[in-house]
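Student: Before anything else, here's the structure in question.
Each value in this text was obtained by applying a stated rule to the coordinates, not by laboratory testing. Keep in mind that this is a model prediction, so the values were computed, not measured. Using ideal geometry, Cβ is built from the backbone for each residue, glycine included, and neighbour counts are taken over all protein chains shown.
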Amino acid sequence: MLEIKDLKAKTGDTEILKGLSLSVKAGEVHAIMGPNGSGKSTLAQVVAGRDDYEVTGGSVTLNGTDLLDLEPEERSREGVFLGFQYPVEIPGVNNAYLLKAAVNARRAHAGEEEIDAYEFLKLAREKMALLDMDPKFLNRGVNEGFSGGEKKRNEILQMAMLEPKLAILDETDSGLDIDALKAVAEGVNALRSPDRAIVLVTHYQRLLDYVEPDHVHVLSEGRIVRSGDKTLAHELEARGYEWVREAVNA
Amino acid sequence: MSTESKEIESLVNRRYEHGFVTDIATESLPPGLDEDVIRAISARKNEPEFMLEWRLKAYRQWLEMTEPEWAHVHYPKIDYDAISYYAAPKSDSDRPKSLDEVDPKLLETYDKLGIPLHERARLAGVAVDAVFDSVSVATTFKDKLSEAGVIFCSFSEAVENHPDLVKKYLGTVVPQRDNFFAALNSAVFSDGSFVYIPKGVRCPMELSTYFRINAANTGQFERTLIIADEGSYVSYLEGCTAPMRDENQLHAAVVELVALDNAEIKYSTVQNWYPGDEEGRGGIYNFVTKRGDCRGANSKISWTQVETGSAITWKYPSCILRGDNSVGEFYSVAVANNLQQADTGTKMIHIGRNTRSTIVSKGISAGRAQNAYRGLVRIMPQAEGARNHTQCDSLLIGKECGAHTFPYMEIKHPSAKVEHEATTSKISADQLFYCRQRGISEEDAVNMIVNGFCKEVFNELPMEFAVEAQALLNVSLEGAVG
């Protein structure tokens, strides 16, 4: 589904991704781990189309469609979802309004009719119950005054509503207490499906106790330096990132 | 339906056929201003002596005054001798003959705003015989109003048919000498609207200049007077969401509102005059004096404005809270894009006891525009228990624009409670990327954020107006992020 080949990207004069390759098939869950500054978040942002980064080489395709050619909103409509590490507040804009606009943008792209208000509300309530969210959330400003946990749940809610082909969750587990972490993990697990790919970007293996990955990759200095199954995450947890670095440099 | 078919046609309506309208079309005065010009204006309008004296007094005061320079706006000096103070509307041969001859950009805007086709021609100033079927609309409308005893007519008609009311209230809120532009307006005002709501009457509909057939060409020196007698209520809508093609650069209007005991006036404006092009060429200078007098106890005046047009806006709709327990409100959205300059805000003058005022101002700057909020809250020594809450928010779009806030407070009673909150925010790259990642285009994202920012003010507008204002805002800010 997602094919990244020899991807190179820089911000300013700093090269961050230095030839990264990754292949994710439909139905799979991949975890990307790595120390701070290894390029994890950059990878997520580049795939989503953030223009702070300049792609200097390589390719990114989703089911054969060249993503690098598309604007961020077009990538989204093609089925790319990014769960943000720091979801931004948009005061005054109703959560439900943004959510509905997003659902309709995707529907329009697929040639479907707009969702009607009743159907939308029903769907949103259903998903919110799953995430243990208060329906009042819909009427608040987007992330406005939300706690860290509420923001992350909101990201998962959006993902659940948009039903993306590819979901990249950037440090979704950071700053969550155990209850929120469980709720978020449950939301992610509910979305696992044979026609969807999920990429979890994470620093710790904690989330992986609840969302079991099919593949684990370790990122260091802009490249994937090691790939394996879920046992790799445990090994990392036990031996620390220093171990990977040494192994690479050895 | 022809006007003749109605037997009980009021004198008012007949004047549309044979009155001054025809005169205007035939004769203009040469540019320049002196007492003879004012006499000529007054004579042409068949005004009673008191009106002429009033104009002359204003003119003499204007001569002594100088143009204000304190506002945060810049423009070349206006040559008042180059203006024709009694201009005939452009003759049909000078006007565009069809929509094909109108600036395509203007038409594009009409399209985006969803202006009906028959309206577009009128707004663009196309010479067409029967512009649209407003006569029958207006007639039904007038019947309903006269049943309720409401007077709603042009200012000229009011001078002729209701001289006592005009004499009693004209200039009592904005005196002739109030300021330079108000004095000029008082001397030469062309026409405008007049509203009187009798005691205890709740005006059965929202009054809008749209329904006054003759309103389209009231010209650059418009004058409006609204009187709400004891216990009455009126909601008045001014303006048009579609950009108006206009030949006059300087607009100096005066609006006076009077609310007597237990009366309420709600005045909503959507102003969308031509702002000039991207380089700041052309565009209207909108120098307006708007003031409401809460003269009676428990009276209330509420201003709501959405200002997106004009090259320069200089405007401070104000409330004088004279009656005990009277309430003044000001809700404003002011948008400045490209090279537009806006200096707008309000004045709340608390005189009566337990008077309350609320100010909510939302300023949006984009392009290279400058947007200033200027507000005065004055609590007089006798205004025991006065309260004010001011909220003043600025939103910046892009790097080259500016927002400025000039709040003035003069508190002369120790019991006063005055609160001022101000914020400045920017539409951030993070917000835009967030929305776009969710599949929403950049333009839609900007609109969504801007509308969210203005929601408090839009909520104060009559429903239909609010929808239009929202569409208008979107059009005004098109291409603001680029």
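Student: Taking springs between alpha-carbon atoms closer than 10 angstrom, which of A:E235, A:E113, A:E73 fluctuates most in the Gaussian network model of chain A?
Tutor: Of A:E235, A:E113, A:E73, the Gaussian network model singles out A:E113 as fluctuating most.
Student: Can you pull the mean other chain C-beta count within 10 Å for peptide A:82-92?
Tutor: For this peptide, the per-residue mean of nearby foreign Cβ atoms is 5.
Student: Magnitude of the Cβ-charge dipole of the stretch A:1-132, K/R +1 and D/E -1, about the Cα centre, nearest 20 debye?
Tutor: It works out to roughly 400 debye.
Student: Please give the average number of partner chain Cβ atoms lying within 10 Å of the Cβ of each residue in A:51-57, rounded to a whole number.
Tutor: Counting Cβ atoms of other protein chains within 10 Å of each residue's Cβ and averaging gives 1.
Student: I need two numbers for the stretch B:369-408: Rg to one decimal and Dmax as a whole number, Cα atoms only, in Å.
Tutor: When restricted to Cα atoms, the stretch B:369-408 yields Rg and Dmax of 14.6, 46 Å.
Student: Any idea what % of Cα-Cα pairs in chain A are farther than 22 Å?
Tutor: Result: 54 percent of Cα pairs exceed 22 Å.
Student: Once fully extended, how much extra length lies between B:E456 and B:E478, figured as 0.36 nm per residue of separation less the alpha-carbon to alpha-carbon distance?
Tutor: Separation in residues times 0.36 nm, less the Cα-Cα distance, equals 5.7 nm.
Student: Rounded to the nearest 0.05, what FRET efficiency is calculated for A:V88 and B:E410 with R0 set to 41 Å and r the Cβ-Cβ distance?
Tutor: 0.55
Student: On to the next question. Report, in debye and to the nearest 20, how large the dipole of the stretch B:357-482 comes out about its Cα centre when Lys and Arg carry +1 and Asp and Glu carry -1 on their Cβ.
Tutor: Its charge dipole is roughly 400 debye.
Student: Continuing with the same structure: Over chain A, calculate the relative contact order: mean separation of alpha carbon pairs under 8 Å at least 6 apart, over the residue count, as a percent.
Tutor: Here the relative contact order equals 28 percent.
Student: So what's the Cα pair-distance distribution over the stretch B:348-442, bin width 10 Å, in %?
Tutor: So the P(r) values, bin by bin, are 16, 33, 24, 16, 9, 2.
Student: Counting other C-beta atoms within 10 Å, which of B:Y316, B:Y80 has the fewest, and how do the rest follow?
Tutor: B:Y80, B:Y316
Student: Can you list which of the chymotrypsin sites (Phe, Trp or Tyr not before Pro) found in the stretch B:284-391 are DSSP loop residues with at most 16 other C-beta atoms within 10 Å?
Tutor: none
Student: Also, quick follow-up: So if R0 is 51 Å, what FRET efficiency would A:E163 and B:D100 give, r being the distance between their Cβ atoms, rounded to the nearest 0.05?
Tutor: 0.60
Student: Could you tell me what fraction of 2.2 N^0.38 Å the Cα radius of gyration of the stretch A:25-143 comes to, as a two-decimal ratio?
Tutor: Against the empirical 2.2 N^0.38 Å value, I get 1.23 for the stretch A:25-143.
Student: While we're on this one: Given 0.36 nm per residue, what is the gain on full extension from A:T56 to A:L123 after removing their alpha carbon distance, in nm?
Tutor: 20.0 nm
Student: Another question about this same structure. Give me the one-decimal nm value for the distance between modelled label points at B:T172 and A:T14, 7 Å along each residue's Cα-to-Cβ direction.
Tutor: Computed distance between label sites B:T172 and A:T14 equals 7.0 nm.
Student: Still on this structure, I have one more. Which is farthest toward the positive dipole end of the stretch B:333-482 among B:I427, B:A336, B:P414, measuring Cα position about the Cα centre, with Cβ charges +1 (Lys, Arg) and -1 (Asp, Glu)?
Tutor: B:P414
Student: How big is the Cα convex hull of the stretch B:313-373 in projection, averaged over all directions, in nm²?
Tutor: That works out to 3.6 nm².
Student: Ok, one more. Using only alpha carbons, build the gyration tensor for the stretch B:263-390 and give me the equivalent ellipsoid semi-axes, biggest first, whole Å.
Tutor: After diagonalising the Cα gyration tensor, the semi-axes are 31, 13, 10 Å.
Student: Dipole size in debye (nearest 20) for the stretch B:355-417 around its Cα centre, Lys and Arg Cβ +1, Asp and Glu Cβ -1?
Tutor: Its charge dipole is roughly 60 debye.
Student: Now, a different point. Testing the spin-label approximation: label points 7 Å from Cα along Cα→Cβ at A:E3 and B:H74. State their distance in nm.
Tutor: Spacing of the two 7 Å Cα→Cβ label points: 5.8 nm.
Student: What ranking do A:S59, B:S42 get, fewest neighbouring Cβ atoms within 10 angstrom at the top?
Tutor: A:S59, B:S42
Student: So, one more: Using the 10 angstrom Cβ neighbour count as an exposure proxy, how do A:Y241, B:Y85 rank, fewest first?
Tutor: With the sparsest Cβ surroundings first, the list reads A:Y241, B:Y85.
Student: Could you sort out which of A:K136/B:K315; A:K100/B:K144; A:K18/B:K426; B:K417/B:K455 sit more than 32 Å apart by Cα distance in this structure?
Tutor: Long pairs (Cα-Cα over 32 Å): A:K136/B:K315; A:K100/B:K144; A:K18/B:K426.
Student: Another one. Grab the beta carbon distance between A:E186 and A:K136, set R0 = 30 Å, and tell me the FRET efficiency rounded to 0.05.
Tutor: 0.90
Student: Over all residues in B:424-435, what is the mean tally of Cβ atoms on other chains that come within 10 Å of each residue's Cβ?
Tutor: What the average comes to for B:424-435 is 5.
Student: On to the next question. If the limit is 25 Å between Cα atoms, which of A:K151/A:K230; A:K10/A:K40; A:K122/A:K152; B:K57/B:K300 go over it?
Tutor: Result: A:K151/A:K230; B:K57/B:K300 exceed 25 Å.
Student: Turning to a different aspect of this structure: With label points built 7 Å along Cα→Cβ from the Cα atoms of B:A82 and B:D36, find their separation and express it in nm.
Tutor: Between B:A82 and B:D36, the simple spin-label model gives 2.3 nm.
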